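See structure below.
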Amino acid sequence: MNEMFYPSEEVLKNANVKDYESIYKRSIEDREGFWAEEAEKLNWYKKWDKVLDESNKPFYKWFVGAKTNIISNAIDRHLETANRNKMALIWEGEPGDVKTYSYHALNREVSKFANVLLSMGVQKGEIVTIYMPQIPELVIAMLACAKIGAVHSVVYGGFSYEALAERIADANSRILLTADGGYRRGKATALKCIANEAMRRSPTIDVCITVKRTGDECFMENDRDFYWHNLMGMPIAGANADTVELDAEDPLFILYTSGTTGKPKGLIHTHGGYQVYTSTTFNYVFDIKPEDRWWCAADPGWITGHSYIVYGPLINGATIMLYEGAPNHPYPNRWWSMIEKYGINILYTSPTAIRGLMRFGASWVDKHDISTLRLLGSVGEPINPEAWRWYYEVVGKGKCPIMDTWWQTETGGFMITPIPTMPLKPGSATKPFFGNEIAIVDEKGEEVKANEEGTLIVKSPWPGMARTILNDPDRFIEKYWKQFEKQGWYLAGDSARKDDDGYFWIIGRIDDVLKVSGYRLGSAEIESALVSHPAVTEAAAVGLPDKLRGNSIHAFVILKQGYSSDSQLAEELKDYVAKEIGPIAKPAEIIFSDGLPKTRSGKIMRRVLKARALGQDEGDLSTLED
Ligand code: PRX
């Protein structure tokens, strides 16, 4: 825990900000002043009357009274500068096809699609659901929604029709944007067919616009279904569109994430605070320079993609890389060959991806000149020190600091993270980002001693925080703010330790949320998928440590009478969950059981199942019913 890696002379010389401690101190002493100063770096149609409004906690408001639109910063302002002809987006499809967009070209595509949306009657504040593979149109669609004040709800392209239908229904979306498919490991996915199934189950959709990517045909319904390229070729898709002036607190997007109950939560992020938070964190942590090529190898369908593929980098005028497919297709050198080909300077990815590529060995990396890399990043789950060291030595050649960023869908941007000049400890996300006071406490809210495990809380509001849960403000309070209501602290749902040097070490979730390959899933979602199978009467899903994926799903299942617990049924149930939720949710193991440990009030005690599966002490069983 005390192994330290120090930044090189070069990193120290070139970093945008050098002295973490003094900026941090200032940001805490005058939080609002710090954020106002950062906000001043952006365009506003009208400046704020008040930086922070705390009158209705925990529903904080930032930059109150300001008029803005994130697009005026992510695109419009670049058109007035030399960035106009700079590459905004480089995209490579899995089969090897390439598309590039300058800021000028991106603006043209976004404006055209904004006009298409307007022609479909899309209104300010309306939620548009997007279900696409990792293609440029996904980014264009998000930006076009933002431009006209519509709210995007991106549903990860790996989710099933059930998950998509549920999210469409909760958002009451009238418009769905999708694609015929995308490529993954050499195969085309049938996205439009899945979308059709979802629309059958959730009939609020009037208009579905499909991008042709694979050319595979799927049923198109008259008057509902349109092809993207047809619409973009029509006079309705004019190349000029106004960026709509919005309130800073107007919603920018909804993003669904898993919680402790079966129903996913639609977290709401806004234009004003979110643009300040994502652009500031991106600039300080990834130390972006005008000539940099930035690659965040996440899917735009998750928060990492929203904040650090799309908004944060574009606001900073960076060149972003987007890749459609699998890291090891057709060979395990795919990423390294792309870094060489495009001269990528910064790579940001997940520990699971690093561990996955590490398996193939260093020789695949060494085939390529990846000396352009100067900074690396990690996100989504704790990075184990072996993977950290491999990433540092083999990928970064010992010269690229690793920014291990801890944050969440709820936080909008990095919360605990190094900046490049900070000494690093493998496996630690280091220290709070500017403006954030973070602590590790016990159940009563007392700070635990150094190196002791406790609950991670955030003591003060930050501009990028989610404002509420769509249609469910009570759940927002209950989940994040209730436990430490008196103190007004945000409960992150993670356990962690802080060491003697003030470095934070994230341990993992303390609720029934599982991180599998960095993806966030709820135990309850997996369980409700299982019990919807005719053979299953009850189920409990837990995550057990997995060398590659961080965690893998183990599901305990009680069968209905008349079904026999054989391996064929176990395989059928695994496939069934993958079909209901998506391949990421496929259980590694199904364990048939006659009963489940429950409390007297009927709650399944997943920690007991977990301990038993791991052969560990089952802890206090006094509340167990049977
Ligand atoms: O448990 C933490 C883990 O991911 C959770 C948030 O998941 P999600 O909302 O999907 O956002 C992931 C991308 C920001 C957290 O509660 N987590 C995220 N980053 C890290 C992490 N755990 C350890 N180290 C990290 N760097």
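The values are calculated or read from the model by the stated rules, or taken from the named source; none is laboratory data. It should be emphasised that the depicted structure is a prediction, and the values quoted were computed from it without experimental measurement. Cβ coordinates were reconstructed from backbone atoms using ideal geometry, including for glycine residues, and neighbour counts include every protein chain displayed. Each accessible area value is taken on the protein alone, full model and side chains, heavy atoms only, with ligands, DNA and RNA left out. Shrake-Rupley method; radii C 1.70, N 1.55, O 1.52, S 1.80 Å.
Mind checking the dipole of the chain: about its Cα centre, +1 per Lys or Arg Cβ, -1 per Asp or Glu Cβ, Debye to the nearest 20?
Here the size comes out at about 860 debye.
Hey, if you drop one equal point scatterer on each alpha-carbon of the chain and run the Debye formula without solvent, what base-10 log of I(q)/I(0) do you get at q = 0.06, 0.07, 0.12 Å⁻¹?
For the requested q values the scattering log ratios are -0.30, -0.42, -1.37.
With r as the distance between the Cβ atoms of residue 369 and residue 212 and R0 = 25 Å, compute the FRET efficiency 1/(1 + (r/R0)^6) and round to 0.05.
Approximately 0.10, to the nearest 0.05.
Taking 51 Å as R0, compute the FRET efficiency from the Cβ-Cβ separation of residue 84 and residue 478 and round it to 0.05.
Computed FRET efficiency for residue 84 and residue 478 comes out at 0.60.
What number comes out for the charge environment of residue 428, summing +1 per Lys or Arg and -1 per Asp or Glu over other residues with Cβ under 15 Å away?
Result for the local shell: -4.
Hey, can you rank 593-599, 209-215 by average C-beta count inside 10 Å, highest first?
Order by mean packing, descending: 209-215, 593-599.
For the range 408-528, give the magnitude of the charge dipole about the Cα centre (Cβ charges: +1 Lys/Arg, -1 Asp/Glu; no others), in debye to the nearest 20.
The dipole magnitude comes to about 360 debye.
Calculate the radius of gyration of the Cα atoms of the range 106-198 to one decimal place, then report Dmax, the largest Cα-Cα distance, as a whole number, both in Å.
Answer for the range 106-198, Rg first and Dmax second: 13.0, 39 Å.
Quick one: ranking 617, 494, 97 by accessible area, 1.4 Å probe, largest first, what do you get?
Sorted descending by solvent-accessible area, the residues read 617, 97, 494.
Over the range 121-271, what portion of Cα pair distances is larger than 24 Å, expressed as a whole percent?
Across the range 121-271, Cα pairs with separations above 24 Å total 30 percent.
So how far, in whole Å, is the C-alpha centre of the range 215-261 from the one of the range 278-313?
Taking the Cα centre of each part, the range 215-261 and the range 278-313 sit 22 Å apart.
Using a probe radius of 1.4 Å on heavy atoms only, what accessible surface per residue do you get for the range 405-494? Whole Å² is fine.
Per-residue accessible area for the range 405-494 comes out at 32 Å².
Can you work out D for the range 222-337 in µm² s⁻¹ from Stokes-Einstein, where Rh is the Kirkwood radius over C-alpha pairs, the temperature is 25 °C and the viscosity is 0.890 mPa s?
141
Excluding residue 172 itself, what net charge comes from residues whose Cβ is under 13 Å from its Cβ, given Lys and Arg +1 and Asp and Glu -1?
-2
If amide hydrogens are placed 1.01 Å from N in the peptide plane, which non-local residues have theirs closer than 5 Å to the one on residue 404?
For residue 404, whose amide H was placed from the backbone, the distant partners under 5 Å are 378.
With a bin width of 10 angstrom, please list the P(r) values of the range 380-456 as percents of all Cα-Cα pairs, from the 0 bin to the one holding the largest distance.
In order of increasing distance, the bins hold 17, 42, 31, 8, 1 percent.
Given the protein chains as shown and a 1.4 Å probe, how many square angstrom of residue 459 are accessible, to the nearest 10?
Accessible area, nearest 10 Å²: 70 Å².
Quantify, in whole percent, the carbon and sulfur part of the accessible surface of the chain (1.4 Å probe; protein heavy atoms only).
Roughly 48 percent, rounded to a whole number.
Provide the FRET efficiency to the nearest 0.05 for the residue 453-residue 289 pair, computing r from the beta carbons and using R0 = 30 Å.
Working from the Cβ atoms, E equals 0.20.
Kindly identify the range 439-570 as rounded, prolate or oblate by the Cα gyration tensor criterion: order the square roots of the eigenvalues as a ≥ b ≥ c, call it rounded if a/c is under 1.5, otherwise compare a/b with b/c, prolate if a/b is larger, else oblate.
prolate
If you take every residue apart from residue 203 with its C-beta less than 13 Å away from the C-beta of residue 203, what net charge results, scoring Lys and Arg +1 and Asp and Glu -1?
So the environment of residue 203 carries a net charge of +1.
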